[in-house]
Every structure is written in structure tokens, then in C-alpha cells.
Amino acid sequence: MREDDGSVPDRTPESTLGSKLSREHVAALALVVTVVASAALLPTLADARPAYEIPVDYQQSSADLSEPSGEAWDSVPAASVPLSSAGASVPAADETSVESVRVEVARTNERLYLRLSWADATTDTSTDEISGFADAVAVQLPANQSERPPIAMGSTSNRVNVWYWSGTGEHEALLAGGPGTTTEIDEPTLRANATHEDGRWTVVFSRSMASDRANVTDVSPNRDMDVALAVWNGSNMERSGRKATSEWYYLALGPDTGGPPYEAILWSVAGLAIVFTTLVTIEGIRRTRGE
Amino acid sequence: MQEKNPWPTFTGRQQYYIDHDWFLELDEALPTHKEAPVLQEKSEYPLGYNTPHSRWSIHSTWRDSSKMLRLQRGEPTVYLNPDDAAERGIEDGDTVRVYNDLDSVEVQAKIYPSGEPGTARHYFSWERFQYPDRNNFNSLVPMYMKPTQLVQYPEDTGEHLRFIPNYWGPTGVNSDVRVEVELVESAADDADDETDGESGSVSGGALGRLSGVLGGDD
Amino acid sequence: MSQSDDSTVDLAEGIDHQVAMVMDLNKCIGCQTCTIACKTNWTESGGREYMYWNNVETKPGSGYPRDWEEMGGGWDESGEERTPGDLPDREDYGRAWDFNHEAIMYEGSDEPLRPLENADWGPNWDEDEGAGEYPNSYYFYLPRICNHCTHPSCVEACPRSAIYKREEDGIVLVDQDRCRGYRYCVEGCPYKKVFYNAETKTSEKCIFCYPRIEGEGPEGEVRPPSCAEDCPPQLRHVGFLDDEDGPIHKLVNEYEVAVRLHPEYRTEPNVYYIPPYAPPQTSEGGETLDAERIPRDYLEELFGPKVNEALNTISRERDRVRRGEESELMEILSTVNNDDQYRLEVFDDA
Ligand code: SF4
Ligand code: SF4
């Protein structure tokens, strides 16, 4: 949810609290944080992201980001996005099988890369049999960014773009204005690559950030961007509205504007408490050691 | 007379009486009933055999059409009454041998509840190349040869009777043929190994068979 | 020859006219000419090889695709909720076998002509089998096309509205540009008359030969669908349900002798059947018995309870003819005049 838009205190290197502290301080701080976190008084740092945020890692060069197993992905933080049946009005819409998808996002100045990975033991890559459906994944983005579109494929007045990859090896860019309206659009800059290893699909989508075409999402490097995900398990006869979908998430592309007030306050209080406790502790240790 | 043309008979009229010497000698100067020779004893060949015209082709035209065969079983079939089949341990889809003392054809059994018990119906006009032994539905049907079919009448012109294939000459007579049917391979075992042409069937070529029928050697 | 639009015939909402067909099952000889006519026109290649938009199956029998009557689809009793349906397997349809003609004709093979793959089921595999025991066994042929239903569950099933009922004549078509091959229509049609094309990745179905009825057929003439026109015994009437002067309206709505196949599926088919008669049962000794050969329950199972009145009406009218009286119904059923059988140019706007 956009209203929850917030940021992790240490999202960018410049803003780390640690930069103002000595090495020793940092080590001690880390120790304290771990202790405090394991006492469950605060969420862990990994979870310390606002709900619905998917971090975006900026990289100078595209390197091997388009490869599902590219090394450039090693430094990209991951988010785990829960999925549930879309509840569309198709038979057995509730019978979906994939429960979450792991998402990593990186960008260069030119392109946006999304790496999606989910567990699916069967590789369903063919639609050649009458009852054969292919595994698939899709990324949904608002076509224009004025107002968040309805989650189920947008609406006639607020459309969405969908990047769709299918286990048959095809990928397409689609435009939709409500359920059942997806229409293929020409989007030559969209690419997808996939691998299936150890019972998991990993698919990398990438597309040019900028677009000046009507109905093709323009991804701004300075502005957060709504995103929703869907996964289909072919061998479970999932297709169309029989799919596991996420709620709206957002790609944290924009500047650090801070989270919503209550979250910011909570974090500030927690942060100050940590700093204060740490400094007191360090000072205590020093004095004990007689430095 | 028909449309002012005389009939193509000796007298120019409809004519049943043939006063040719051979006809007189064989007592057939007028149409006459004679008992048919028994070629296959019922005890040995219990099933009556018939080869009706089918609705899947016009004679043999389109008999091997892929499109039409897909709407059948893809190969020649013999229709058997369920009891007759059961007595012989035959199930629908099994490969069977239909045989008498003339020949043996290998076809697929189709169970046909409307078939009269004691009959084997093998539709007409399958092509030879649809049988593993390159014989066909007619291989089981004797051609009776009669001396009267060799005459020319009147002797000088043959205007009334002379040899014309399918009109005057030996023809298949297929209402008194008897056969037996036995299992070759059950559909259940057949999996996907194409039958390797169990050619243990009677062969010996058409001439050999014909002479057999005519009782030349025994 | 235009008719007023205040017709008493129920048509689907938003439909101007409704094409319809009546097939007289008493005349079907199972020759499959209709099947081949349809196949040659529409489904010969391109992933359609296995499809029979028109098929003729032996009843009783499992039909095409195998046991389609047990696969669900259609509507529940309220007529508002769809009943879940199954997707048939390729094996249920039967594969379009290729044959070794090439090897035999050109390469000197002495193998017999056979399907190149294991052939153990096909669209007409149980042809002529039927049910019952000699001499009282019975069977008849049932030609089937898409029924271009008034309340089509295939249309309702599609989440993309890719399958639709054409406004001008109620023909049900799949928009090949909208279809994304989800196959909900295949599941949803209780007659299994929508087919998935694995090459084009879209669903396809009988189009009631709409180019022919629009006059785009041979010689630019308005022609009935090929399955009707090519039928040797000419057993089909083709026209509009709402053509109140036409034979279809008379057979369906006035005499009520043409009945729907499986009315309990509630899709309201627009293909109707004159139910089959068969000679009565006979004793072992060949005497005629006072017992129907095709059990009435079986016909009810296929055509619903209306089949009884339909059969009674036909017997009554047949007796009238035997007594030397006139019967409009028997005249319609025994016409040999194609102009009476095919009435496609009755509405100015259709
Ligand atoms: S028969 Fe099936 S495909 Fe045809 S209109 Fe009716 S429901 Fe649809
Ligand atoms: S062409 Fe006519 S008679 Fe032949 S199978 Fe079709 S409907 Fe029956």
C-alpha cells in the first residue's frame, strides 16, 4: 500500500547509522541489535522493511543480470511475497498450489530486472496436449502511475501492463483493463529467461525503464512503482484466473521519503533507544576496563 | 423388344430355353434347381460367411482412405456375434484368423451383437494390401466353374451367350461359404509390436487353390 | 419475405434470429458423408486433424469423445450455475492415425496397410455395437454438431468473452484473436463440441458453415451447411427457429416431434432430432412381439420426457397416412424438395 510507503533506515550506504560511529561502536552495536532482536523486542533487520516493499538494487552495469543464475544477483536483496488464489470467477479458482514467490529487483540506468523464483517440482512446459497447461509467471504494473489500479487486472479507466512468461518458453507484454481483457502489445524491449533447478523455477524479466508510449509503463528511477505478481502451476491445470497472486507491492525506486508517520516514529524511537543503550553500554564497558 | 430393339438373345425375345447340346445333356435347357455342392462341412466350418457391401466405400474406392479408416478401426474387421466370439476366446479388437479349406485371412475381430449367431460378416472390398498375406475377403469364397459357362451360343456368333467377365463365366458365389475363426493374438498382448505376419496360412497361389477346389489333385 | 419481429419463439437475449437444424434419425445410415464433408471443409490440417465438428456416433455407445455424456458441463437445475466439466484426453477423442501408404505404394513394402501408431480407440470405434441381444439388439446413428445453444455454457465459461453468440443468427463462434487457449469452453460444453487446437493454441468449433449460409460458398450461392447438403438421405432441415412459416418451427414448436438431445444439460440446443423408430422385438422363432426394440427409457435418457409425445404424434400421423388421410407433418418429414428443407433466405436482415 502506497500509504505505508516507508524506508529501512539503512537502505542506502550514505545513511547508515554506523558511519557516524567507530568500528568498535559498530561491532558492539551489531551485537546489541542481535541480542535485542533475538529477544523479539524488534523485528530482525531483514524484516525491517516496510510491508509490501520490494527493494531495488542499483547497479552500474547490467553484467549478467539477465541470467537467472547471474552472479550480479548475489548482492541483490530478496523479498518473499506470499501468494494466494486470485478468487476469479473460473472453475476451481481456489485450487492453486504455489504459496510464495521470491523476488529480487535490480536496475541499471537503462533497464529494470526482476528475478522471480518459486518452488514447483514439475516442469510443465507444453500446451500440446488437450489437458496440458504450462507453468507461468506474470508481473503486473500500472500502465500509468496516477492512481493504483484495481488488483485484478486493472480497470477500463486504469489499466495495467503485464509481463507474462510461460513454461513453453514464450513471453509477452500484455495490456489489460479488467479481468479477461488482456491483449498483447508490442514491447520489443521486454526479455525473459528461465531455468528450472532443484524443484524451483527462476525467471528473469527485464525491460527498458523508460517508455514514452501510451499504455506502456514508464518506470521512473525516482519514483516507487506498484507491482503485483502471479504464478501458475500447469500440472494443477492452473491458467487464466486460476492462479496464485500477490497483493499490490511496490518497487522501492523512489528517494527515501520515510515511511508513514507511525512507522517512522516507531523506527525513530527504536533507533534512538538502540543508540542510547549502545552508547551507555559501550561507555560502561570502557569504564569497567578503565580506559 | 425394348425401345424397338430386339433383345440380344438368339430369338430376339426374352428367352429362357437354351437348346445347346451341353445344356440339354446337363438337364439345364430351362432354368433348373440343383443342390449346391458342399465344399465346407458345417461340422468343420461352423460359421456362415458373408461379405456384404459396405457404406464406407464404393467398391474398393476409398476403402484405404485414411480419413475413412480413422472412422473405423484402421484395418479390416470381421463382425462376430458375442457368443460365437466368447466360445472361441475372442474379444473385441483381437487379431483373428478366418479360414476354410480355401484360404485364411487375418483380420481384427469386432463384436457385433446384432450379428446372427453362427455368422461371420466380413465386409466387402478391402484391398489386398490391407491384409498381411495380401489375400482378401474373397479368398475364402470359391469360384464354381460349370461347363455351361464355357459355351458360345449360338455357336457361330455367340450373340446370346459368350464369355464376358462378371456376366457370363465363373463368379464368386458367396452365400453358401462356411468358415471357422480362431484367435491369433489378443488385443491386450499386442501392445505396440506390429504383427510379424503369422503366415502359417494356406498359400499356394490362386491357381493351386482353384485346382484344389476343382478336385484336381485329391 | 421479411417477418415481423414480434415472434413468439424464445431466442437468446440480443439475438435477432436463431439458426436451427432438425435431423431425422430414422434416415441416418451412418455413412459418415457429413463427417467427411465437414472435415474436408474445415478440419483437415493445422492441429485440427483429431477434431470432428460433425461426428456420427452409434447409440447406445460411448460416442465422441469417449463417454462425453459423463464429462459434465452445462447448467445446474436452476439454469444459473454452471456444472463443472472435464477436459477430455487426446485418447478419448482418438488420434488421427497416419498410415503406411507411402511404404506400400512406393517403397515396395509387403507389410499390410496399418495405422502407424497403436490404434486402440477412435471417434467411431464402437460403431454398430449398440446394445441388446440378437434378435432384439438395437442401435441407431446419432449425427452431432455444435448445437448453437440459446443458453450456451461454453460462452459463459470463457473468462475472456472470446466465445460469443453472433447477433444476426445466434451462431456460436470463437474469436480466434481473443482466445488464449484456456479451454474453459471445452470443459464447459456438455456436448464436447469445442475443441482445443494445440498448434494454434486456441479453441475452435463448428461454425454452422456461416460462409455458406451467407452466400460465400460454392458459386456464391446461399447454401446450407455442408453436413446437411451432402447427406445422401437428406435427413436434415436447416433454417431459423423463429421463421414461423418454416418446417423447423412446425416440427419443433407446433407438432413438437423434434426434440433436444439431453435437454437436462439446459443449454437449450438449436439442433433438434426426430427420435428413432425401430421395428418391434421378435421372438426366437421370428414372430413379431408387442415390445419396443429401443427401450423407451433409453430414448428418454437421451432426449428427455418429451420424446414420448413426439413418438406418439409421429405414430398417430403415420396411421393417418396409412388410412389415406393427409398429414402435413408426414409431408414435412418425407419431403424430397430441398427448397422446403433449407430455408435460409427468409429474413431481410439475417
Ligand atoms: S453445443 Fe456446446 S459448444 Fe455448441 S453452443 Fe452449445 S454449449 Fe456451446
Ligand atoms: S451423411 Fe447423413 S446419413 Fe450419412 S452419416 Fe451423416 S447424417 Fe447420417
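The values are calculated or read from the model by the stated rules, or taken from the named source; none is laboratory data. The model shown is predicted, which means the values in this text are computed figures rather than measured ones. Positions of Cβ are generated from backbone atoms using ideal geometry, with glycine treated the same way; all protein chains shown enter the neighbour counts.
What the table below lists for this structure:
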item: Residues (within 9 Å of chain B (Cβ to nearest Cβ), in a loop (DSSP other than H, G, I, E, B), more than 9 Å from ligand 2 (Cβ to nearest atom) and under 16 Å from the mean Cα position of the chain (by Cα)) located in the range C:30-70; result: C:52
item: Restricting the range C:14-29 to residues that are among the aliphatic types (A, V, I, L, M) and out of contact with any Ser or Thr (no Cβ under 9 Å at 6 or more places or on another chain), the residue that is nearest to ligand 2 (Cβ to nearest atom); result: C:29
item: Failed criterion for residue B:35 (all others in (1) farther than 17 Å from residue B:144 by Cβ; (2) modelled with pLDDT under 90 hold); result: (1)
item: Segments classed as strands (runs of 3 or more DSSP E), wholly inside the range A:167-207, with at least 3 members that are within 14 Å of chain C (Cβ to nearest Cβ) and more than 25 Å from residue A:122 (Cα to Cα); result: A:171-176, A:183-185
item: Residue selected from the range C:187-230 under the condition in contact (Cβ under 8 Å) with a residue 12 or more places away in the chain and either at positive phi or in contact with a Ser or Thr (Cβ under 6 Å, 6 or more places away or on another chain) (or both), by the criterion nearest to ligand 1 (Cβ to nearest atom); result: C:194
item: Yes/no for residue A:131 being within 14 Å of another protein chain (Cβ to nearest Cβ) and out of contact with any strand residue (DSSP E or B) (no Cβ under 8 Å at 6 or more places or on another chain); result: yes
item: Any chance residue C:278 is more than 22 Å from residue C:150 (Cα to Cα) and either within 16 Å of ligand 1 (Cβ to nearest atom) or within 14 Å of chain B (Cβ to nearest Cβ) (or both); result: yes
item: Subset of the range C:307-346 [assigned to a helix (DSSP H, G or I) and over 30 Å from residue C:264 (Cβ atoms)]; result: C:319, C:320, C:321, C:322, C:328, C:331, C:334, C:338, C:339, C:340
item: Count of residues meeting criterion [away from chain A (no Cβ under 14 Å) and not hydrophobic (A, V, I, L, M, F, W, C)] in the range C:71-103; result: 7
item: Failed criterion for residue C:293 (all others in (1) surrounded by 14 or more Cβ atoms within 10 Å (Cβ to Cβ); (2) closer than 29 Å to residue C:249 by Cβ; (3) charged (D, E, K, R) hold); result: (2)
item: All positions within the range A:146-166 that are away from chain C (no Cβ under 13 Å) and among the aliphatic types (A, V, I, L, M); result: A:151, A:160
item: Number of the exception - residue C:15 against (1) within 12 Å of residue B:67 (Cα to Cα); (2) within 16 Å of ligand 1 (Cβ to nearest atom); result: (1)
item: Those residues of the range C:206-243 which are away from ligand 2 (no atom under 16 Å from the Cβ), acidic (Asp, Glu) and at pLDDT 95 or above, in sequence order; result: C:214, C:242, C:243
item: Residue in the range C:40-61 that is within 30 Å of residue B:135 (Cβ to Cβ) and of a type outside the set (A, V, I, L, M, F, W, C) present; result: yes
item: Subset of the range B:56-98 [at the interface with chain C (Cβ under 9 Å from one of its Cβ atoms) and closer than 15 Å to residue B:114 by Cβ]; result: B:79, B:81, B:82, B:83, B:92
item: Residues located in the range B:12-33, provided they are touching a helix residue (DSSP H, G or I) at 6+ places or on another chain (Cβ under 7 Å) and not in a loop (DSSP other than H, G, I, E, B); result: B:22, B:23
item: Odd one out for residue A:92 among (1) within 14 Å of chain C (Cβ to nearest Cβ); (2) farther than 24 Å from residue C:186 by Cβ; result: (2)
item: Set C:262, C:237: member being within 12 Å of ligand 1 (Cβ to nearest atom) and not basic (Lys, Arg); result: C:262
item: Flag for residue C:279 being more than 25 Å from residue C:156 (Cα to Cα) and within 16 Å of ligand 2 (Cβ to nearest atom); result: no
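Results for (1) touching a residue at least 12 places away in the same chain (Cβ under 8 Å); (2) β-branched (Val, Ile, Thr), shown as yes or no for each residue.
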{"site": "C:46", "(1), (2)": "yes, no"}
{"site": "C:73", "(1), (2)": "yes, no"}
{"site": "C:83", "(1), (2)": "yes, yes"}
{"site": "C:108", "(1), (2)": "no, no"}
